[in-house]
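The next block holds one structure in the form of structure tokens; read it before the comments.
The values are calculated or read from the model by the stated rules, or taken from the named source; none is laboratory data. In this text, all values refer to a predicted model and were calculated from it rather than measured experimentally. No Cβ is skipped: glycine too gets one built from the backbone with ideal geometry, and neighbour counts run over all protein chains shown. The protein model used for the area step is the full one, side chains on, heavy atoms only, and it has no ligands, DNA or RNA in it. Shrake-Rupley method; radii C 1.70, N 1.55, O 1.52, S 1.80 Å.
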Amino acid sequence: MIDDVKLIFTISLIVIFSPFFAKILKLPTTPLEIVFGSVLGYVGFLHHQNIFDIVAEFGFLYLMFIAGTEIDLKKVLKTPPKLVKMILLYLLLLYAFSIAFSLYFSLGKIFMVLLPLISVGLVATLSKEYGKTDWLTLSMTAGGIGEVVSIALLTLVSAALEYGSGIGLFKALFALILFLLFMLLLFRSLQLLFWWFPEVSVALMPHNDNKEQDIRLSMGIFFTLVAVMLYLDLELAFGAFLAGIFIPTFFEHKYELPEKLASFGFGFLIPIFFIHIGSTFNLNALLIDGLIVKALIITFVMIIMRLLSSLVFIKEYGLRDSILMGLSQSMPLTLLIAMATLAYNADSIDQFHYYAFILASLFQVLLVMLVIKIINSYQKEKIIA
């Protein structure tokens with residue numbers, strides 16, 4: 001009883017005070033939540049309790065849902081063909097570097113998927129600080145397409161880790177293909193429905209909404225697709241991600257809704273997920289021989305891969321913006337931790353590499369944020385001079 005009270009009280013304090021420390025240290029809140037979770041878990045203020053694990057899992061799914069709300073499928077489909085080709089080449093180079101690195105150093109196949117992961121979560125954080133710059137707009141566009149690829153791979157890898165290479169895997173892949181075809185037909189049908197009868201979308205989410213119908217419908221879509229993925233025995237995160245895409249794609253008149261949903265998630269559910277991740281990291285692991293070096297190697301490899309791949313944009317966007325775009329893509333914190341956790345639970349990576357990936361995800365945020373700030377400060381000084 002006392003332990004549960006202590007657990008709830010500790011989580012509450014981390015959720016309340018993390019933004020204040022983030023403001024003082026000028027860092028995103030997420031890595032600090034992981035650090036606080038790790039430190040307070042180490043000294044005994046956090047422990048594994050069933051409800052804590054469940055809420056953390058729900059927080060992760062909601063995070064994937066919020067990631068989906070950052071992608072407007074209509075805008076993605078309207079991306080100029082030339083830019084789409086460059087983005088696809090960028091992604092191809094990322095995976096080529098990842099495969100080459102993994103084979104050269106005789107790493108497991110899971111590294112080929114972990115190293116090129118892309119998530120736009122922290123890119124959105126950068127846009128709040130630096131505004132709608134060309135390199136951030138490019139990063140959001142490329143990140144949106146890259147995150148769809150990453151989430152799809154997350155689902156495939158999850159199925160492969162669970163079923164191996166037997167008949168179970170083929171059944172899972174068949175179910176996934178059928179599900180994607182169904183979702184494609186559903187998206188197309190809804191697109192035609194709302195185009196012919198735009199009043200339907202307004203009726204579902206009215207402008208003057210005093211009954212919170214927008215939140216209710218969003219949560220309904222979220223839980224429905226998660227339930228479908230649960231029934232099909234596929235990765236739940238993929239269903240949550242697709243549910244998020246529905247919101248900006250079909251209800252663009254509710255332009256404030258994604259921010260409204262994100263405010264709830266980042267204010268309550270999502271921090272609990274990161275605190276939980278931190279609590280699983282044993283600080284004694286920092287004393288393990290070679291762990292910090294391994295984390296730094298992973299950090300620099302992931303950053304350099306993206307910097308080299310981003311040079312495909314140099315002709316259109318210039319060297320500076322291409323480098324900044326590559327840097328902004330080098331913080332796949334949420335997906336990297338999620339995939340590393342998935343791989344660790346499936347015994348695809350050992351505890352040493354699990355800890356290394358968590359540390360690397362933190363190092364990436366700290367290093368990339370610092371380098372981007374230095375480049376922008378230098379540019380401002382150059383303009384003033």
What percent does the relative contact order of the chain come to when contacts are Cα pairs within less than 8 Å and at least six residues apart? 30
Provide the FRET efficiency to the nearest 0.05 for the Leu193-Asp289 pair, computing r from the beta carbons and using R0 = 56 Å. 0.40
If you work out P(r) over Cα pairs in 20 Å bins from 0, in percent from the coordinates, which of [x] 24, 44, 23, 8, 0; [y] 26, 60, 14, 0; [z] 26, 54, 19, 1 do you get? [y]
Placing each pseudo-label 7 Å from Cα in the direction of the beta carbon, Leu169 and Lys75 end up separated by a distance in nanometres of 3.7
Treating the beta-carbon of each Lys and Arg as +1 and of each Asp and Glu as -1, no other charges, what is the dipole magnitude of the range 303-385 about its Cα centre, to the nearest 20 debye? 420
Cleavage-rule hits, trypsin sites (Lys or Arg not before Pro), the range 22-90, DSSP coil, Cβ neighbours within 10 Å at most 11: Lys26, Lys78
So which aspartates and glutamates pass the test for Lys132, namely a Cα distance under 19 Å, with those fewer than 8 places away in the same chain ruled out? Glu70, Asp72, Glu256, Glu259, Glu316, Asp321
Carbon and sulfur atoms account, in whole percent of the 1.4 Å probe accessible area of the chain, for 70
How much accessible area per residue does the range 38-196 have, in Å², with a 1.4 Å probe? 52
May I ask for the longest run of the chain untouched by GluC sites (Glu not before Pro) that are loop-located per DSSP and have at most 16 neighbouring C-beta atoms (other than their own) within 10 Å? 1-211
Once label points are set 7 Å from the Cα along Cα→Cβ at both Asn50 and Ile16, what is their separation, rounded to one decimal in nm? 2.9
List the chymotrypsin sites (Phe, Trp or Tyr not before Pro) in the range 226-255 that DSSP assigns to loop (not H, G, I, E or B) and whose Cβ has at most 12 other Cβ atoms within 10 Å. Which are they? Tyr255
Fully extended contour minus Cα-Cα distance, from Leu232 to Phe105, at 0.36 nm per residue: 42.1 nm
Sequence-distant lysines (8 or more away, or on other chains) whose Cα lies within less than 16 Å of Lys211: Lys254, Lys260
